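Q: Quick one: this structure, given as structure tokens, is what I'll be asking you about.
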Amino acid sequence: MSTSIVIPTKNNIDTIDKCLSSVMPYYEDGLINEIVVVDGHSTDGTLDVVNSYPVKLVFDEGKGNPGLAYDIGWRNAQGELILFLDSDVYIEQGFFPRAHELISEDRVGWISCRQKAVVSNNLTRAQDEDWAWGSNILSKPSSWIQKLYNIALAGKKEASCGGPCVIVRRACLEEIDGHHGIDEEVIKWCSDISYSQRIANCGWITKWWTEAPIYHHPRSTFKGYCKQMYAYGKSIAFMHLEKEFKKSYPWYNKVFSMLARLASPVIGLYLAIRFRNPRQLIVYPIPRYAVVAGYVAGWIRAKISS
């Protein structure tokens with residue numbers, strides 16, 4: 001199946017060259033047919049790097065919302081398969097043709113790739129440990145611990161799949177009409193969940209690829225990490241109130257997902273022991289509290305504006 005990559009950018013000079021260079025071997029071998037970059041009018045030299053590669057450049061005339069950029073991108077792409085790739089992600093050897101094999105399985109419409117962190121300091125090391133632990137759980141789909149993990153993540157036994165690298169059938173995106181009609185506040189930080197949940201609601205299978213050879217640059221400062229999680233919490237609140245998602249997230253799902261985050265010091269203790277990293281006592285729970293704070297703020301804002 002023909003494959004297009006969609007990469008949103010806005011002032012990503014530090015990571016975009018590594019991202020694009022990582023996909024070029026697959027492009028040169030014909031495993032990728034098209035690279036679409038959707039730029040939010042970068043001013044830091046990102047466009048100079050982008051223009052040095054054989055890409056189709058499209059401009060996002062909005063506010064630089066990466067979720068909307070993905071929607072612009074796939075609509076301007078030609079592939080039967082769309083690979084959504086964040087500009088701070090790079091892929092390694094072995095991604096293709098394995099990704100094609102996974103998405104070709106019957107009724108599989110969406111594959112979320114679990115990432116490993118690019119470790120640059122103690123904070124990113126802790127995030128890499130968190131992601132490795134999550135990937136280990138998600139690799140055992142029938143286990144009781146995965147059901148608990150999903151409840152903590154989304155308030156239900158089967159969590160929606162998301163992440164910075166996703167491969168999806170174009171037919172699925174056309175069936176749900178992308179993000180058409182979805183609140184921009186949802187799309188800001190829950191673009192992937194918005195896509196995958198609605199695709200699953202249409203009867204397609206969404207699944208994780210826990211062994212995907214991809215690396216992601218996480219937030220490298222604790223303040224930046226907490227701000228990211230706070231913003232994520234706000235988007236979750238808007239999504240939970242969106243008419244499109246009410247059946248997918250009954251009230252008890254919403255309550256469970258937030259209560260689980262309040263209990264995150266227990267997981268922080270477990271990770272601190274497992275990885276012999278006492279920083280997990282702080283790095284794991286506090287950003288989860290930021291999600292809850294963002295959720296409350298988002299809920300109030302959504303109710304006031306409705």
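Q: Give me a comma-separated list of calculated 3J(HN,Hα) values for region 174-179, in order, Karplus coefficients 6.51, -1.76, 1.60 applied at θ = phi - 60°, integers in Hz, x for any Gly or Pro.
A: Once rounded to whole Hz, the list reads 5, 5, 9, 6, x, 9.
Q: Taking the Cα centre of each part, how many Å lie between region 1-73 and region 121-136?
A: Region 1-73 and region 121-136 have Cα centres separated by 27 Å.
Q: A further question follows. Give, as a single signed number, the net charge of other residues whose beta carbon lies under 12 Å from the beta carbon of Val166, with Lys and Arg counted +1 and Asp and Glu -1. Display every interim value, and only then the final one.
A: On the way: positive: Arg114, Arg169, Lys207; negative: Asp86, Asp192.
Local charge sum for Val166: +1.
Q: Also: Would you work out the Kirkwood radius for region 227-268? I mean one over the mean of 1/r across all pairs of different Cα atoms, in Å. Present the calculation step by step, with values, prior to reporting the outcome.
A: Working: mean 1/r = 0.0888 Å⁻¹.
One over the average 1/r among Cα pairs gives 11.3 Å for region 227-268.
Q: Here's a follow-up. May I ask you to derive the FRET efficiency for Ile282 and Lys140 from their Cβ-Cβ distance with R0 = 30 Å, giving the value to the nearest 0.05? Intermediate values should be presented prior to the final figure.
A: Working: r = 28 Å, r/R0 = 0.94.
In this case the efficiency is close to 0.60.
Q: Specify the longest stretch of the chain that does not include any exposed loop site, a site being one of the GluC sites (Glu not before Pro) with a non-H, G, I, E, B DSSP assignment and at most 16 other Cβ atoms within 10 Å.
A: Values: sites that count: Glu61, Glu80, Glu92, Glu105, Glu158, Glu211.
Longest gap between qualifying sites, sites excluded: 212-306.
Q: Pop a pseudo-label 7 angstrom from the Cα along the beta-carbon direction at both Ser120 and Leu269 and give the gap in nm to one decimal.
A: That separation, rounded to one decimal, is 3.4 nm.
Q: Taking H placed 1.01 Å from N in the peptide plane, check which residues at least 5 places from Ile35 or on another chain put their amide H under 5 Å from its amide H.
A: Ile5, Lys56
Q: Report the Cα centroid-to-centroid distance between region 186-210 and region 220-240 in angstrom, as an integer.
A: If we compute the Cα centre of each part, the gap is 18 Å.
Q: Another question about this same structure. Under a plain spin-label model, where a point goes 7 Å from the Cα along Cα-to-Cβ, how far apart in nm are His100 and Thr43?
A: Computed distance between label sites His100 and Thr43 equals 4.3 nm.
Q: Here's something else I'd like to know. P(r) for region 222-306: what percent of alpha-carbon pairs falls in each 10 Å bin, starting at zero?
A: Calculated over all Cα pairs of region 222-306, the distribution is 19, 42, 27, 11, 1 percent.
Q: Mind running the shape call on the chain? Use the C-alpha gyration tensor, a ≥ b ≥ c as the square roots of the eigenvalues: rounded below 1.5 for a/c, prolate if a/b tops b/c, oblate otherwise. It would help to have the intermediate numbers written out before the result.
A: Numbers: a/c = 1.39, a/b = 1.28, b/c = 1.09.
Note, shape of the chain comes out rounded.
Q: While we're here: Would you grab the residues whose amide H sits under 5 Å from the one on Trp209? Only those 5+ places off in sequence or on another chain, please, with H modelled 1.01 Å from N.
A: Answer set, sorted by chain and number: Ser112, Cys113, Arg114.
Q: A further question follows. Students often get this wrong, so check it: of Lys207/Lys234; Lys63/Lys234; Lys10/Lys63; Lys18/Lys234; Lys243/Lys303; Lys10/Lys246, which have C-alpha atoms separated by over 21 Å? Don't jump to the answer; show the numbers that get you there.
A: Values: Lys207/Lys234 25 Å; Lys63/Lys234 18 Å; Lys10/Lys63 10 Å; Lys18/Lys234 31 Å; Lys243/Lys303 13 Å; Lys10/Lys246 32 Å.
From the list (Lys207/Lys234; Lys63/Lys234; Lys10/Lys63; Lys18/Lys234; Lys243/Lys303; Lys10/Lys246), the Cα-Cα distance tops 21 Å for Lys207/Lys234; Lys18/Lys234; Lys10/Lys246.
Values quoted throughout were computed directly from the atomic coordinates according to the rules given, and no laboratory measurement underlies them. This is a predicted model, so every value here is computed, not measured. Positions of Cβ are backbone-derived with ideal geometry, glycine not excepted, and every protein chain shown enters the neighbour counts.
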